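Beneath this line is the structure, given in structure tokens, with notes to follow.
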Amino acid sequence: MISLASRRFSGLAHSGPALFMFLLMMLPMALLSACRSQLQEQLYQGTALGTGYHITLYADLDAQERERIAVGIQSELAHLQQQRDALMGSLAAAFSGAARLPFAPPISLGDELERLLHALAVDHLTEWLTDHDVENMMVEVGGVIRTRGLPPGGGWWLSLEHAGLPEQGAGRRINLTGAALVHRQVRPTPVTIPALPRTLGISVVADTASEASRQALLLMAADQQNTTMSQVLGMDSAARLVVKTPQGVEILYTAAMEPWLEY
């Protein structure tokens, strides 16, 4: 027969000075936990810069602070929109009939400028929110994403499956914490039959959206210059490549991308 008896444990006494010291030590931890639980999800979304934007914040904001953030985001986006309009207007004027240039601007040039502006907007909004005491955020403009801080659950888990592939599916995710993610689809070179293997899409992780965009352009340029796939995978960028081969579509990762992946 097993005897069920209460046991005494040595350690902190259940009353007296020891209990007071124990409670005193636990109080800061309890306060931090309470503050963390008060972080509420704040969503801001709309259209700007010729695309959509989505901003997710986790912060303890009252109604007045939420309104201040909303107005500030709109003001920053309006300023960025003015810069975009001026830049695109200058581009159009440079290739207009009045300029008498013998060639038209390549379609990809306008697209690249748009994507660069989206990356710059993401970085600008991230820094603006940080300057206004927001610590936990995910900012997305035109598919370019950057995070800072952490959501209450810990980690910003994002799927990689929609970049370059013809359809979505269950696949790898990354924990994008304190970094930026850029997806790019790669246009084939203007030849009758594109050579294989051929890169269909590139995803790059870097510290900022601007840097991720720059590295994605370098990878695209390397692909179009007939750089071998082993050379591309040996580059320092944290990248995922969707590659079409004679055998089908393959997903390849650079060594620098591995630490970001979910296993």
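The values are calculated or read from the model by the stated rules, or taken from the named source; none is laboratory data. In this text the structure is predicted, and so the values were computed from the model without any measurement. Note that each Cβ is placed from the backbone with ideal geometry, even for glycine, and that neighbours are counted across all protein chains shown. What goes into the accessible areas is simple: the full protein's heavy atoms, side chains included, and nothing from ligands, DNA or RNA. Shrake-Rupley method; radii C 1.70, N 1.55, O 1.52, S 1.80 Å.
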Worksheet item: Restricted to the range 41-98, and to residues that are in contact with a helix residue (DSSP H, G or I) (Cβ under 6 Å, 6 or more places away or on another chain) and among the charged types (D, E, K, R), which residue is nearest to residue 115 (Cα to Cα)?
Response: 84
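Rundown of residues vs (1) open to solvent by 10 Å² or more (accessible area, probe 1.4 Å); (2) modelled with pLDDT under 90; (3) of a type in the set (Gly, Ala, Ser); (4) assigned to a loop (DSSP other than H, G, I, E, B), yes/no style:
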| residue | (1), (2), (3), (4) |
| --- | --- |
| 192 | yes, yes, no, yes |
| 202 | no, no, no, no |
| 211 | yes, no, no, no |
| 218 | yes, yes, no, no |
| 263 | yes, yes, no, yes |
Practice prompt. With the condition kept exactly as written, say whether any residue in the range 73-83 is closer than 18 Å to residue 134 by Cα, part of a helix (DSSP H, G or I) and open to solvent by 60 Å² or more (accessible area, probe 1.4 Å).
Written response: yes
Practice prompt. Find all pairs meeting these conditions: Cβ atoms under 6 angstrom apart; at least six residues apart or on different chains; first residue within the range 125-141 and part of a strand (DSSP E or B); second residue hydroxyl-bearing (Ser, Thr, Tyr).
Written response: 138/56; 138/147; 139/126; 141/53
Discussion item. Looking only at residues that are assigned to a loop (DSSP other than H, G, I, E, B), within 19 Å of residue 115 (Cα to Cα) and not small (Gly, Ala, Ser) in the range 155-190, which one is modelled with the lowest pLDDT?
Written reply: 162
Worksheet item: Looking at this structure, is residue 45 modelled with pLDDT of 85 or more and part of a helix (DSSP H, G or I)?
Response: no
Worksheet item: So is residue 246 at pLDDT below 90 and surrounded by fewer than 17 Cβ atoms within 10 Å (Cβ to Cβ) or not?
Response: yes
